[in-house]
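Heads up, the thing below is written out as structure tokens.
The values are calculated or read from the model by the stated rules, or taken from the named source; none is laboratory data. Every value quoted in this text rests on a predicted model; they were computed, and no experiment measured them. Here the Cβ positions follow ideal geometry from the backbone for every residue, glycine too, while neighbour counts run over all protein chains shown. For the accessible areas, the whole protein counts, side chains as well, though only heavy atoms, and no ligand, DNA or RNA atoms are used. Shrake-Rupley method; radii C 1.70, N 1.55, O 1.52, S 1.80 Å.
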Amino acid sequence: MEQDDPGEALTELRERQLGALELLQVAAGSGLAAYAVWALLLQPGFRRVPLRLQVPYVGASVRQVEHVLSLLRGRSGKLVDLGSGDGRIVLAAHRCGLRPAVGYELNPWLVGLARLYAWRAGCASSVSYHREDLWKVSLRDCHNVSVFLAPSVLPLLESKLQAELPEGARVVSGRFPLPTWKPVAVVGEGLDRVWAYDIHNGGPAGRAAPAFSSTSVPRAPDPQAG
């Protein structure tokens, strides 16, 4: 009996067209992989949160982080990132002098990833990440707040911010603006746009300002850089 040549078999496998059943198997495998990512990275902790308050994780881009930092430049005091994901905004804010810098994230895998990045950056003891529902976090001592949340939850977030933030606090919202507040500054275009709001006399105050040029914003630190 003739022995099969492994090289020829591999070549044949590469060149063969996929049939309907094989395509179905590939699709099923891809779906299973996507579900595994969801189950590990996005789903933990969501069962404890009402569906209308759930916010899926989408990491901030480098440009978005740069814009957040530009709107917080020159400020001091505590920074809180609500729904901090992998912690990149918290880490960048700490490096720019906003201290303490704290992140609140419900997903334990993302909290662990944020702590890993902070450790690799040599900031493990300088920043903090907590696994906690952002709706249960007290903001009464926060002077700087960063949020990258879905539009569906922003009306409720406005009420929380107005009720809890101290005089002079600044809120920076990425991707989507707060629905009824007037921004004091706007930076960026499209999904990279970021809005800043100031708290005065127990509520938001300010007038809409022209957008700053994003070309003058310094590059944000890479959270994965050692």
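Looking across region 123-137, the residues that are without any contact (Cβ under 8 Å) to a residue 12 or more places away in the chain and either at positive phi or part of a loop (DSSP other than H, G, I, E, B) (or both) come down to Ala124, Ser125.
For region 80-94, the criterion of being touching a Lys or Arg at 6+ places or on another chain (Cβ under 8 Å) and hydrophobic (A, V, I, L, M, F, W, C) is met by no residue. Based on this model, can you work out whether Arg175 counts as surrounded by 13 or more Cβ atoms within 10 Å (Cβ to Cβ), under 20 Å from Val58 (Cβ atoms) and within 19 Å of the chain's Cα centre (by Cα)? Yes, satisfied.
What number of residues within region 120-137 satisfy the criterion of being farther than 15 Å from Arg95 by Cα and open to solvent by 60 Å² or more (accessible area, probe 1.4 Å)? Number satisfying all stated conditions: 4. Within region 138-162, being assigned to a loop (DSSP other than H, G, I, E, B) and either acidic (Asp, Glu) or closer than 19 Å to Gly85 by Cβ (or both) holds for Leu139, Asp141, Cys142, Phe148, Leu149, Ala150.
Answer with yes or no whether Gly203 is on the phi > 0 side of the Ramachandran plot, open to solvent by less than 70 Å² (accessible area, probe 1.4 Å) and out of contact with any Lys or Arg (no Cβ under 8 Å at 6 or more places or on another chain). No; evaluated as a whole, the condition is false for this residue.
Could you list, in sequence order, all residues of region 156-170 that are open to solvent by 30 Å² or more (accessible area, probe 1.4 Å) and more than 21 Å from Gly74 (Cβ to Cβ)? Result: Leu156, Ser159, Gln162, Ala163, Glu164. One residue stands out among those in region 163-196 that are β-branched (Val, Ile, Thr) and assigned to a strand (DSSP E or B): the one that is farthest from Asp86 (Cα to Cα), which is Val186. May I ask you to say which residue of Val65, Val55, Val127, Val90 is in contact with a Ser or Thr (Cβ under 9 Å, 6 or more places away or on another chain) and at pLDDT 95 or above? It is Val90. Which one of the conditions (1) open to solvent by less than 20 Å² (accessible area, probe 1.4 Å); (2) touching a helix residue (DSSP H, G or I) at 6+ places or on another chain (Cβ under 9 Å); (3) within 26 Å of Ala163 (Cβ to Cβ) does Arg140 fail to meet, given that it meets all the rest? If we test Arg140 against (1) open to solvent by less than 20 Å² (accessible area, probe 1.4 Å); (2) touching a helix residue (DSSP H, G or I) at 6+ places or on another chain (Cβ under 9 Å); (3) within 26 Å of Ala163 (Cβ to Cβ), just (1) comes out false.
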